[in-house]
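The structure appears below as C-alpha cells.
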Amino acid sequence: MSTEKTKTEIGSKGTFNTKTLKELGPNLPLGIKTETGAFDKTIELKRWTLKQEKELGVLREDNPQAKMGQYVSIVLSHMCTRLGPHDFTKMKPMERELKISQMYSGDVFYAYCWLRYKSLGSELGLELTCPKCTTEFKWIADLSSLEVNCAESIDAFLWKHDLFDPFEIREKMCKELIFEPSRWNTYETMDDSDFGGIGSIKEKMILGSVHKVGGRDDQIILVGSEIEELAKKDLETIVRGIEDERLGPDMTVAVKHKCRHEFVHPIRWSFDDFFGVSSR
C-alpha cells in the first residue's frame, strides 16, 4: 500500500510518496523534466531475448574497463527504447548513455530494477551470511515489493542540514547545506576502491548531492578538498539524510535468518549478481 511521507526539514516544500515496484510499474519515480516543466516518467523496454543477450555480451567485451555505474548505463541504453521524453530508437549509443548519465540516480536505479523485474521476474536470489551465527544461506528477495520513493516535483526531495560544527568554504563560513538527489554520473565515477573505502564513497555521495551552499548568493560546485573539514557528526547525519530523503528504490532487503536474527542487507547490483537466475 502506498504511504505518504511529510517533509520535516525546512529546506524544501512538498512531499514524496512511497510505493512498491509493482504499484509504480513502468514509470520513473520522478522522471525527466520537459520543456513544459512537467516530469516525463515513461519507461519502455525491448523484449530481452537471446539476440539481446548476445548483443549485451558484445558490448561487455567492447567495454572491459567499464565501472559498475558505466555498465548500468550501457545496459539501459541498449535495452530501453524510451526513458522519459527521450526516444532511444532515434539516438546513437553515446547520446543515449549521456542522457542516462544526466538522470537522477534514483530514476536510473529504478529503471534498472524494472528491467530486471520484467526480464526475469520478481524473485532475486541472494547469497548471504548471517552476521550473528555466521551461517551461509540463500535468501529469495521479492523485487515486486521493493519500496520506491516517488514524487511529481524535485522540490519533494530537497532538504537542508544545519551544520553542528560550521566551517569555512571559499573564505565564507558555511553554516548549512542544501541537498538534492544525486545524478547518475556520481555512480559512473565510482570504482571498486570507492565501494571498499568508507570515507571515499561518503565523500562522493555528499559531493554528488549538494544542491547549494547556504549563506551564499553564488552557485558553486564543491570538490573533495572543500568538505574535508566536515565534522564527524555532520558527516554521519548528512549520510543518513541522503538515505532518508532518497529518490527511487530502497536497494536493501530485510532478512530474518532461521536463528531468528534480523538484519538489513544491500542488494548487489552488479550485472552478474543482479541478472542471474534465482535458485532455491
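For G106, the requirement of being of a type outside the set (A, V, I, L, M), in contact with a Gly (Cβ under 8 Å, 6 or more places away or on another chain), under 18 Å from S182 (Cα atoms) and crowded, with 22+ Cβ neighbours inside 10 Å is met.
Looking at the range 41-78, which of its residues are more than 18 Å from L120 (Cα to Cα) and in a helix (DSSP H, G or I)?
First, pick out the residues of the range 41-78 that are more than 18 Å from L120 (Cα to Cα): 41-42, 58-71, 73-74, 77.
Hits for the range 41-78 are V58, L59, R60, E61, D62, M68, G69, Q70, Y71, S73, I74, S77.
Residues of the range 217-253 that are buried (at least 19 other Cβ atoms within 10 Å of the Cβ), more than 16 Å from D107 (Cα to Cα) and acidic (D, E): D234 alone. The residue list F167, F179 contains one member that is buried (at least 18 other Cβ atoms within 10 Å of the Cβ) and modelled with pLDDT of 90 or more, which is F179.
Scanning the range 203-224 for residues that are over 15 Å from the mean Cα position of the chain (by Cα), at pLDDT 90 or above and of a type in the set (K, R) returns a single hit, K212. Among the residues of the range 102-136, those that are closer than 29 Å to S77 by Cβ and part of a loop (DSSP other than H, G, I, E, B) comprise Q102, M103, G121, S122. All of S200, S193 fail the test of being modelled with pLDDT under 90, closer than 17 Å to I238 by Cα and either surrounded by fewer than 19 Cβ atoms within 10 Å (Cβ to Cβ) or of a type outside the set (K, R) (or both), apart from S200. Selection within the range 61-80: residues that are surrounded by 14 or more Cβ atoms within 10 Å (Cβ to Cβ) and not aliphatic (A, V, I, L, M). The member of this set that is nearest to L115 (Cα to Cα) is C80.
When the test is whether a residue is surrounded by fewer than 15 Cβ atoms within 10 Å (Cβ to Cβ), at pLDDT 90 or above and over 28 Å from I100 (Cα atoms), K258 does not pass it.
Based on this model, can you work out whether E229 counts as farther than 26 Å from V75 by Cβ, charged (D, E, K, R), touching a residue at least 12 places away in the same chain (Cβ under 8 Å) and in contact with a helix residue (DSSP H, G or I) (Cβ under 7 Å, 6 or more places away or on another chain)? Step through it out loud before you land on a result.
Values: farther than 26 Å from V75 by Cβ: yes; charged (D, E, K, R): yes; touching a residue at least 12 places away in the same chain (Cβ under 8 Å): yes; in contact with a helix residue (DSSP H, G or I) (Cβ under 7 Å, 6 or more places away or on another chain): no.
The answer is no for E229.
Checking T89, T81 one by one, the residue that is assigned to a helix (DSSP H, G or I) and among the polar types (S, T, N, Q) is T89 and no other.
When the residues of the range 35-51 are filtered to those that are surrounded by fewer than 16 Cβ atoms within 10 Å (Cβ to Cβ) and modelled with pLDDT of 95 or more, the one that is nearest to V108 (Cα to Cα) is E44. Tallying residues that are in contact (Cβ under 8 Å) with a residue 40 or more places away in the chain and either on the phi > 0 side of the Ramachandran plot or assigned to a strand (DSSP E or B) (or both) within the range 137-161 yields 12.
Close contacts from the range 1-30, counting a first residue that is farther than 25 Å from L45 by Cα and surrounded by fewer than 17 Cβ atoms within 10 Å (Cβ to Cβ) and a second that is modelled with pLDDT under 50 and not aliphatic (A, V, I, L, M), with Cβ to Cβ under 9 Å and a gap of 6+ residues or different chains, come to K13/K7; G14/K7; T15/E4; T15/K5; T15/T6; T15/K7.
Figure legend. Inter-residue proximity from the range 106-121: first residues of a type in the set (F, W, Y), second residues assigned to a helix (DSSP H, G or I) and surrounded by fewer than 19 Cβ atoms within 10 Å (Cβ to Cβ), beta-carbon distance below 7 Å, spacing 6+ or different chains. Indicated pairs: Y117/S144.
The values are calculated or read from the model by the stated rules, or taken from the named source; none is laboratory data. Quantities reported herein were computed from a predicted structural model and do not represent experimental measurements. In this analysis, Cβ positions are derived from the backbone assuming ideal geometry, glycine residues included, and neighbour counts consider all displayed protein chains.
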